[in-house]
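Data block below; observations after.
The values are calculated or read from the model by the stated rules, or taken from the named source; none is laboratory data. As the structure is a prediction and not an experimental result, all values here were calculated from the model. Note that each Cβ is placed from the backbone with ideal geometry, even for glycine, and that neighbours are counted across all protein chains shown.
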Amino acid sequence: MINYRKILELYFEDVSQRTISSSTGHSRNTVSNVVRKAKKLESLDDTMTNPWKESFLFPEKQAIEKGYFPVDLEKVHKELQKKNVTLLHYGHATETGEGGKIPYAYRTFAENYGKYGK
């Protein structure tokens, strides 16, 4: 399990990401991802546990673990830039059904894209 608390604690003490990586035993990419996500959020405090931080920083991981098919938001964004593009959620649901996974509901699909777009 990733020790989010330790990674962020060391980062906020101005320890380099390479040093954090070697001291926590996590890859540099993992440390970089955690730090990048934490920078985007403003409300991190000491009372948050590791599982809570994981769900707070990486909510998409939990959805995948529950069997939901991840949405390629970059692809959706590129498709929406084209003219007369509709039914992107329908395409997601069809693609998901073929893979044996659970598609996101339209509302969740739209909310996730809205967050990505910001």
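Where helices (runs of 4 or more DSSP H) fall entirely within segment 48-118, those with at least 3 residues that are at pLDDT 70 or above and exposed (fewer than 11 other Cβ atoms within 10 Å of the Cβ) are at 106-117. If you go through segment 1-37 and pick out every residue that is within 25 Å of residue 115 (Cβ to Cβ) and assigned to a helix (DSSP H, G or I), you end up with 15.
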